[in-house]
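Just so you know, all these numbers are worked out from the coordinates, no wet-lab data involved. Quantities reported herein were computed from a predicted structural model and do not represent experimental measurements. Note that each Cβ is placed from the backbone with ideal geometry, even for glycine, and that neighbours are counted across all protein chains shown.
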Amino acid sequence: MEGSGINTYTLINKAWKTHYVKFHSKPTCGLKCLPEEEAFKVGGSNHNHATQHLYDSIAAGNYREWKLYIQTINPDHEDRYDFDPLDVTKTWPEDILPLQPVGRLVLNKNIDSFFNENEQLAFCPAIVVLPVNAPKCAHHNNHHEGFMNFMHRDVEVNYFPSRYDPVRHAETHPIPSAIFNGKHEKCIIEKENNFKQPGERY
């Protein structure tokens, strides 16, 4: 199945220029759906059939792959569109904001730790799973398992100091110059335009 992010994110490039970004993923094997009657049978016999199929495919070496794309908007051009780019109920039209290929996602290994690699999994502004939002310095908290832990530590010890993992100073990195001050308010969206996109899709 295809995937697309609901939320709009802010990314900063090497030139320290900010862009609004939406993420998309498209499977290289194409889209495949079950007819309604077959879906009732398959789902009735195994409600986890899709997960089971994915797990078995990876274990057999039949890896699943998606091409990854982004759409970008210059924040200075936000008012050029007839919709609010930050409105989660709107899509960004691909004819005016084309998909840009940025990479691929290959699932080539089943998880080892269900809690660390699956139970904590989410991707939204409220829950950004490490290492997506990890600080640029190396982690030396020596924690094993539990919340906010995502690394495999099979050969490390969970105490400090130790001869296995000496602490290294992290490099310094510049901080984005744009700093926003103010209060967070719940406001009415000025450019709702709620019927154009559903009408075009219909």
Checklist entry - For labels at Arg201 and Lys109 in the simple 7 Å Cα→Cβ model, what's the distance in nm? => result 3.7
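Beyond a 30 Å Cα-Cα separation, which of these cross-linked pairs lie in this structure: Lys26/Lys186; Lys26/Lys183; Lys17/Lys183; Lys22/Lys191?
From Lys26/Lys186; Lys26/Lys183; Lys17/Lys183; Lys22/Lys191, over 30 Å: Lys26/Lys186; Lys26/Lys183.
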Next on the checklist: Need one number: convex hull volume per residue for the stretch 1-110, Cα atoms only, in Å³.
Outcome noted: 148
Next on the checklist: Taking loop as defined by DSSP and a crowding limit of 15 other beta carbons within 10 Å, which trypsin sites (Lys or Arg not before Pro) in the stretch 27-112 fit?
Outcome noted: Lys32, Lys109
Checklist entry - How far is the Cα center of the stretch 1-60 from the Cα center of the stretch 77-110, in Å? => result 15
Checklist entry - Taking the Cα centre of the stretch 1-110 as the origin, how large is its charge dipole in debye, to the nearest 20, when only Lys and Arg (+1) and Asp and Glu (-1) carry charge on their Cβ atoms? => result 620
Item to check | Beta bridges by DSSP in the stretch 1-110, antiparallel share as percent, to the nearest 5 | outcome: 100
Checklist entry - Under a Cβ-Cβ cut-off of 12 Å, what is the net charge of the residues other than His53 that fall near it, where Lys and Arg count +1 and Asp and Glu count -1? => result +1
Checklist entry - Which lysines have a Cα lying under 25 Å from the Cα of Lys41, excluding residues fewer than 8 positions away in the same chain? => result Lys32
Item to check | Cleavage-rule hits (GluC sites (Glu not before Pro)) in the stretch 1-63: DSSP loop, at most 11 neighbouring Cβ within 10 angstrom | outcome: Glu2
Checklist outcome for this item: For the stretch 1-57 the chymotrypsin sites (Phe, Trp or Tyr not before Pro) that pass both the DSSP coil test and the at-most-12 other-Cβ-within-10 Å test are Trp16
Item to check | All aspartates and glutamates inside 14 Å of Lys14 as judged from Cα atoms, apart from same-chain residues fewer than 8 positions distant | outcome: none
